[in-house]
Amino acid sequence: SQELEQSPQSLIVQEGKNLTINCTSSKTLYGLYWYKQKYGEGLIFLMMLQKGGEEKSHEKITAKLDEKKQQSSLHITASQPSHAGIYLCGADMGGSEKLVFGKGTKLTVNP
Amino acid sequence: GAGVSQSPSNKVTEKGKDVELRCDPISGHTALYWYRQSLGQGLEFLIYFQGNSAPDKSGLPSDRFSAERTGGSVSTLTIQRTQQEDSAVYLCASSWDPASPLHFGNGTRLTVT
């Protein structure tokens with residue numbers, strides 16, 4: 001079974017609309033990382049969350065880690081075509097140094 | 001360059017051949033990771049290096065896969081006797097330490113025919 005579940009798997013929005021992507025774990029998260037990937041490229045680091053209830057923002061993207069540290073959300077305000085890509089969450093679940101990743105959410109923003 | 005560099009960017013090989021994939025991490029980064037990305041499978045962890053040591057090799061799919069890191073810098077992932085199921089994008093990432101964000105290279109797209 002997948003340790004990190006992302007939803008939705010894909011999302012198509014009209015430019016200017018807000019959207020939210022979720023990342024859920026059945027285990028406590030010791031660190032949660034959001035990345036963005038464009039086709040044929042590597043992953044670009046967006047934000048890191050470690051504390052329950054933590055919220056970080058960068059430009060029009062806000063990420064939150066819930067109090068129980070088992071779910072994170074990524075919210076994009078007033079989406080633009082440049083936001084299109086695959087968003088992946090990666091998590092430190094404790095016990096090892098590796099990050100476990102979700103399968104990603106493919107975002108399409110139509111002009 | 002300032003980022004993680006991987007070579008080659010694309011590799012097509014015949015089934016049964018050996019391949020070597022190279023990763024140049026960001027200078028000073030002590031932690032180095034190899035992941036594999038297949039369509040519909042997400043990112044699959046392969047191996048983690050701290051310096052030249054590999055404390056976690058748990059993700060290597062079979063004994064055909066091996067990796068080494070020398071001088072605390074460059075890493076090579078070797079796949080022997082390649083199979084079609086090895087076709088994927090192989091991503092390398094590095095970080096200052098295991099608690100810091102990973103910085104990824106653009107990957108090597110491996111196609112086994």
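What about A:GLY16, is it at positive phi, more than 14 Å from every other protein chain (Cβ to nearest Cβ) and either among the β-branched types (Val, Ile, Thr) or free of Cβ contacts under 8 Å to residues at least 24 places away in the same chain (or both)? So A:GLY16 does not fit the description; no. Elements of the type strands (runs of 3 or more DSSP E) sitting completely within segment B:5-113 and holding at least 1 residues that are among the acidic types (Asp, Glu) and facing chain A (nearest Cβ under 9 Å): these cover B:42-50, B:53-56. For segment B:45-67, a tally of residues being under 19 Å from B:LEU102 (Cα atoms) and either touching a residue at least 24 places away in the same chain (Cβ under 8 Å) or open to solvent by less than 40 Å² (accessible area, probe 1.4 Å) (or both) returns 11.
For segment A:88-98: of the residues being open to solvent by 10 Å² or more (accessible area, probe 1.4 Å) and under 17 Å from A:THR24 (Cα atoms), which is farthest from the chain's Cα centre (by Cα)?
First, the residues of segment A:88-98 that are open to solvent by 10 Å² or more (accessible area, probe 1.4 Å): A:92-98.
Right, trim to under 17 Å from A:THR24 (Cα atoms) and you get A:92-94.
Details: A:ASP92: 14, A:MET93: 16, A:GLY94: 19 Å.
Out of the qualifying residues, it is A:GLY94.
Answer yes or no as to whether B:SER100 is more than 18 Å from A:LEU99 (Cα to Cα) and of a type in the set (Gly, Ala, Ser). Talk me through it step by step, then tell me what you get.
Working: more than 18 Å from A:LEU99 (Cα to Cα): no; of a type in the set (Gly, Ala, Ser): yes.
Criteria not met by B:SER100.
Counting only strands (runs of 3 or more DSSP E) that sit wholly inside segment A:1-87, those with at least 2 residues that are open to solvent by less than 60 Å² (accessible area, probe 1.4 Å) are A:4-7, A:10-14, A:19-25, A:31-37, A:43-49, A:61-65, A:71-76.
The values are calculated or read from the model by the stated rules, or taken from the named source; none is laboratory data. Predicted, not measured: the structure shown is a model, and the values here were computed from it. We place every Cβ from the backbone using ideal geometry, glycine too, and count neighbours over all the protein chains shown. Quick note on the areas: whole protein, heavy atoms, side chains included, nothing else; ligands and nucleic acids left out. Shrake-Rupley method; radii C 1.70, N 1.55, O 1.52, S 1.80 Å.
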